[in-house]
Amino acid sequence: MLAVSDLNVRYGKVEAIYKASINVDRGTIVSVIGPNGAGKTTLLNAIMGVLPSQGGIEFCGANIGRLTTEQRVAKGMCLVPESRELFAQMSVADNLELGAFTRYRRGDKGIKQSLDEVYELFPRLLERRTQLAGSLSGGERQMLALGRALMSKPTLLMLDEPSLGLAPLIVKEILHNISNLRSTGVSILLIEQNARAALQISDYGYVLENGDIAMEGLSKELANDPKVIESYLGMG
Ligand code: ATP
């Protein structure tokens, strides 16, 4: 579904991503783990077309390297940024409806159906649908960011550090939610500093270090690899 090959991204003279190749197969969860500053956010922004890059980016068999971000979104790609970017002064329900605007016209029956699907995945959002987004807890905000992204019915969902800033118990819940998204058929590219959690819910993983893909493999195998354990999983 997504095939990134030999991707290079530079900030001026600084090479932030060097010859990175990544594949996401349909219906799978793929994680990219790596330390702070490794280039994880840069990689997602380049795939989304927010940053210029060199190399190949294919989506559903078509070369999308020259498309604008809007055109990539129209093809079914969706990015949930680290900042989540919710509208704090709007209700949960209105934030969700905004997520559908690239796909539906106002009043379209599809919006209601998508909303019902999101509420089924995230019952907490249904309970809080009239509440202002700004008053939600960190975990609920992340649920809302995920729900809003799903409203555009993406085929590829890219998540930038969904566990960032959340308490361990909430991280578990969010990752469980993400794992459940598999049932909707969406493919997921998950960027995480929380390597243990990311490897637990993904099928395949890449380790990004200094803009380079240093290792890749089945997540189960990476989680048992001594180098990964030593560098990213800590003790135990
Ligand atoms: P973090 O988890 O801290 O966000 P990351 O793995 O997502 O890290 P990036 O944010 O992609 O890493 O940054 C990769 C490298 O590119 C870093 O060395 C960073 O300092 C540099 N960089 C990021 N944005 C810019 C920019 N706008 N201009 C110049 N250098 C940048």
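The values are calculated or read from the model by the stated rules, or taken from the named source; none is laboratory data. As the structure is a computational prediction, the values presented were derived from the model and not from experiment. No Cβ is skipped: glycine too gets one built from the backbone with ideal geometry, and neighbour counts run over all protein chains shown.
Confirm whether Leu157 is touching a Gly at 6+ places or on another chain (Cβ under 6 Å) and modelled with pLDDT of 95 or more. Before the answer, list the steps.
Numbers: touching a Gly at 6+ places or on another chain (Cβ under 6 Å): no; modelled with pLDDT of 95 or more: yes.
Judged against the criteria, Leu157 is not a match.
Between residues in the range 136-148 that are touching a residue at least 40 places away in the same chain (Cβ under 8 Å) and within 23 Å of Gly76 (Cα to Cα) and residues that are among the hydroxyl-bearing types (Ser, Thr, Tyr) and not in a helix (DSSP H, G or I), which pairs lie under 9 Å by C-beta distance while being six or more apart or on different chains?
Gln142/Ser163
Name the pairs: first residue in the range 27-54 and of a type in the set (D, E, K, R), second residue in a loop (DSSP other than H, G, I, E, B), Cβ to Cβ under 6 Å, at least 6 apart or on different chains?
Correct list of pairs: Lys40/Gly34.
For residues in the range 127-136 being of a type outside the set (Asp, Glu) and not in a loop (DSSP other than H, G, I, E, B), which is surrounded by the most Cβ atoms within 10 Å (Cβ to Cβ)?
At the first step, the residues of the range 127-136 found to be of a type outside the set (Asp, Glu) are 128-136.
Restricting the remaining residues to those that are not in a loop (DSSP other than H, G, I, E, B) gives 132-135.
On the way: Leu132: 16, Ala133: 23, Gly134: 11, Ser135: 12.
Looking at the filtered set, the residue picked out is Ala133.
Looking only at strands (runs of 3 or more DSSP E) that lie completely in the range 137-236, which have at least 2 residues being crowded, with 22+ Cβ neighbours inside 10 Å? Full working, then the answer.
Numbers: elements: 156-160, 187-192, 204-209, 212-218.
Strands (runs of 3 or more DSSP E) meeting the threshold: 156-160, 187-192, 204-209.
Every residue, every condition in (1) crowded, with 19+ Cβ neighbours inside 10 Å; (2) in a strand (DSSP E or B); (3) in contact with a helix residue (DSSP H, G or I) (Cβ under 9 Å, 6 or more places away or on another chain), yes or no:
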position	(1), (2), (3)
Ser31	yes, yes, yes
Asn36	no, no, no
Ile47	yes, no, yes
Arg66	no, no, no
Arg72	yes, no, yes
Thr102	no, no, yes
Gly110	no, no, no
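In the range 2-15, what count of residues is obtained for those that are within 16 Å of the ligand (Cβ to nearest atom), closer than 19 Å to Met215 by Cβ and in contact with a Lys or Arg (Cβ under 8 Å, 6 or more places away or on another chain)? Before you say what the answer is, go through the steps one by one.
The initial filter retains those residues of the range 2-15 that are within 16 Å of the ligand (Cβ to nearest atom), namely 4, 7-15.
Subsequent filtering for residues that are closer than 19 Å to Met215 by Cβ retains 4, 7.
Now narrow it down to the ones that are in contact with a Lys or Arg (Cβ under 8 Å, 6 or more places away or on another chain): 7.
Count: 1.
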